[in-house]
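Participant: Got a structure here, written out as structure tokens. Questions coming.
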Amino acid sequence: LPPKIDTSKATFIGIHPGSKWAEKCWPLERFVDLIKRLNLNFPHYPIHLYAGPDERVCLPSDLGVLYRSGLSISELSDELKQCRLFISNDNGIMHLAGWVGVSVVGIFGMSDPVQWHALGNAQNVVKSGVSCTPCNKLGQMTPCEDRQCLQTISVDQVWAKVVKELTATNVLSAD
């Protein structure tokens with residue numbers, strides 16, 4: 001496992017609300033609610049919002065996020081080493097964050113989090129309890145219209161993991 005980063009030198013919270021597969025995306029409005037909570041309770045950490053090369057993420061302008069896109073893997077890896085916490089759907093950037101030693105809260109729907117959690121972050125998985133998951137077996141998905149696996153994950157569930165991780169080292173505490 002990679003060594004965890006020194007959280008006393010971390011300067012921001014990273015969020016990646018996208019994925020190559022739309023079927024893996026937690027609803028964007030829930031990310032908005034999560035960002036609002038982070039801004040209120042952990043204002044010392046600016047939010048960096050990441051997007052892959054083919055992703056467009058439109059959020060309300062009053063959230064105060066710094067959009068980060070178009071970075072090379074090397075640039076992204078270096079930047080993530082400054083990240084206090086990375087919150088993400090199951091995607092490539094989530095795996096890179098775990099690989100460089102960042103604490104990751106991973107949101108899982110169709111994929112098996114036992115197999116695909118971010119390196120060193122199995123304890124920070126958020127998943128639903130719907131009986132049809134995981135339905136993505138080696139890239140083969142069961143057709144699904146409503147993605148209850150992601151729709152049933154609440155902001156409170158993700159927030160609980162976020163607060164636990166941000167307060168774990170007693171660097172900061174939530175209000």
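Participant: Starting from the Kirkwood Rh over alpha-carbon pairs, what translational D in µm² s⁻¹ does segment 1-70 have by Stokes-Einstein at 20 °C and 1.002 mPa s?
Facilitator: Working: Rh = 13.4 Å.
Stokes-Einstein gives a translational diffusion coefficient of 160 µm²/s.
Participant: How much FRET efficiency would the formula 1/(1 + (r/R0)^6) give for Gln123 and Ser154, where r is the Cβ-Cβ distance and R0 is 25 Å, rounded to 0.05?
Facilitator: Working: r = 19 Å, r/R0 = 0.75.
Working from the Cβ atoms, E equals 0.85.
Participant: Let me know the number of lysine pairs in segment 1-89 closer than 26 Å at the Cα, not counting same-chain pairs under 8 apart.
Facilitator: On the way: Lys4/Lys81; Lys9/Lys36; Lys9/Lys81; Lys20/Lys36; Lys20/Lys81; Lys24/Lys36; Lys24/Lys81; Lys36/Lys81.
Count of close lysine pairs: 8.
Participant: Could you compute the net charge surrounding Ser19? Neighbours are other residues with a C-beta less than 10 Å from the C-beta of Ser19; K and R count +1, D and E count -1. Write out the running numbers ahead of the final one.
Facilitator: Numbers: positive: Lys20, Lys24; negative: Glu23, Glu55, Asp90.
Combined, the nearby Lys, Arg, Asp and Glu give -1.
Participant: Does anything in segment 80-99 have its amide N under 16 Å from the 7 Å Cα→Cβ label point of His44, and if so which residues?
Facilitator: Residues passing the 16 Å test: 83-85.
Participant: Semi-axes of the equivalent ellipsoid of segment 23-123: what are they in whole Å, largest first, if each equals the square root of 5 times a C-alpha gyration tensor eigenvalue?
Facilitator: Details: eigenvalues 81, 53, 43 Å².
Taking √(5λ) for each Cα gyration eigenvalue gives 20, 16, 15 Å.
Participant: With each pseudo-label sitting 7 Å past Cα toward Cβ, what's the Asp6-Asp112 distance in nm, one decimal?
Facilitator: The modelled label-to-label distance comes out at 3.9 nm.
Participant: Right, something else. When we measure straight from the Cα of Lys164, which aspartates and glutamates land under 16 angstrom away, once same-chain ones fewer than 8 places off are left out?
Facilitator: Partners found: Asp156, Asp175.
Participant: Right, another one. Excluding Gly101 itself, calculate the net charge of residues whose Cβ lies under 14 Å from the Cβ of Gly101, where each Lys or Arg counts +1 and each Asp or Glu counts -1. Show your work: numbers first, answer last.
Facilitator: Working: positive: Lys4, Lys9, Lys81, Arg84; negative: Asp6, Asp78, Glu79, Glu165.
Net charge in that neighbourhood comes out at 0.
Participant: Could you compute the FRET efficiency for Ala168 and Asp146, with r as their C-beta to C-beta distance and R0 at 35 Å, rounded to 0.05?
Facilitator: Working: r = 35 Å, r/R0 = 0.99.
Calculated value: 0.50.
Participant: So for each of 62-74, 18-30, 94-106 I average, over its residues, the number of other beta carbons within 10 Å; can you give me the resulting order with the highest mean first? It would help to have the intermediate numbers written out before the result.
Facilitator: On the way: 62-74: 12.7, 18-30: 17.3, 94-106: 23.5.
So the peptides 62-74, 18-30, 94-106, ranked by packing, come out 94-106, 18-30, 62-74.
We did not get these values from a lab; they are worked out from the coordinates using the rules stated. Because the structure is a prediction, the values reported are computed rather than measured. Positions of Cβ are backbone-derived with ideal geometry, glycine not excepted, and every protein chain shown enters the neighbour counts.
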